[in-house]
Ligand code: SAM
């Protein structure tokens, strides 16, 4: 059984809201928003609609990218006076390509407690359904809007071996995909997730070129909100290792396995242990030795 959300005085609650499906608004998020003194919101009208839907009535404070720095001092003073406050954005997790960072930083700088009320986040939702490696990933937010800057950013990311996650809007999705094909390559594995948790939710995994062609085949597919999950670059085989293997094979004709492995490791910089294991697999060198 979950504990009731007790609202602590002077705490700032960072609360995630749905990215489409209102059923994803957690009971704890609703309880916290219903219990704080006021809610800082990116767009007060948008948040008012959400709160009305859930029967929550609270004073709203506008905190958006243009006034974030100015309102911080006021919010910190309220927290220090003992008011509990919540921070939400228009959809999903605040601060993730959304306003809120200045407020959280100000609260932290003032040594005020900040609590997470986690929930939907389009990047994580897309990654979780992508079928693309999820053990190590890089969130890049939105790629630059201008083509030149976007290609430059993609070129910087071309050798990144971790999975890449980017947000994209409907009016730039086709050109962003064309740039991904051009800069990262037609064969790069990619998952396009569109309208997650909404009526027209769709996600498709293919090569970058395959996704670009699929998108171009139907104008309806370019509608809505998008996340691209892009497979990381395949690591180039370790040059030292291949050089070590080459030298090892030459030396094995003349030397015992352990000496061949030691010399090959010294010459190439590859790991002696790996080369010795390979030497044994290859038959162990000129004379039997077990001093490795
Ligand atoms: N803070 C939000 C989060 O936690 O995901 C992201 C806000 S950012 C301003 C909006 C972008 O997130 C959209 O342009 C889109 O790239 C992505 N996004 C948000 N909701 C989405 C959804 N339901 N399906 C796919 N992408 C979504």
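Any read-out appearing in this document is the output of simple, stated calculations on the displayed coordinates, not a laboratory observation. Just so it is clear, the structure is predicted and the values come from calculations on it, not from any experiment. Here the Cβ is made from the backbone with ideal geometry for all residues, glycine too, and neighbour counts use every protein chain on show.
Key figures for this structure:
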item	result
Full-extension gain in nm, residue 161 to residue 234, via 0.36 nm per residue minus C-alpha separation	25.7 nm
Acute angle (nearest 10 degrees) that the helix 257-268 long axis makes with the longest principal axis of the chain, alpha-carbon atoms	60 degrees
FRET efficiency for residue 48 and residue 198, using Cβ-Cβ distance with R0 set to 30 Å, rounded to 0.05	0.90
Sequence ranges 106-116, 29-39, 202-212, 273-283, ranked by mean other-Cβ count within 10 angstrom, highest first	29-39, 202-212, 273-283, 106-116
With Cα atoms, 0 to 90° folded angle of helix 68-80 axis to the chain main axis	70 degrees
Cα-projected label distance for residue 174 with residue 134, points at 7 Å along beta-carbon direction, nm	3.2 nm
Linear extension gain, residue 22 paired with residue 206, 0.36 nm per residue minus alpha-carbon span	63.3 nm
Distance between modelled label sites at residue 147 and residue 246, nm, 7 Å Cα→Cβ extension	4.2 nm
Contact order relative to length of the chain, as percent, for alpha carbon pairs under 8 angstrom and 6 or more apart	15 percent
In nm, spacing of pseudo-spin labels at residue 9 and residue 254 (7 Å Cα→C-beta vector)	8.3 nm
Whole-angstrom Cα spans of segment 215-285 along principal axes, big to small	68, 20, 15
Spin-label zone in segment 143-175 - amide nitrogen under 19 Å from a point set 7 Å from the Cα of residue 213 along the C-beta vector	174-175
Mean Cβ neighbour count within 10 Å, used as a protection proxy, ranking 154-161, 41-48, 123-130 highest first	123-130, 41-48, 154-161
Percentage relative contact order, segment 12-120, counting C-alpha pairs under 8 Å, at least six apart	45 percent
222 nm mean residue ellipticity, helices alone, for the chain (DSSP H n ≥ 4; -39,500 (n - 2.57); rounded to 500)	-12000 deg cm²/dmol
Potential lengthening between residue 111 and residue 267 on full extension [0.36 nm per residue; Cα-Cα distance subtracted]	50.7 nm
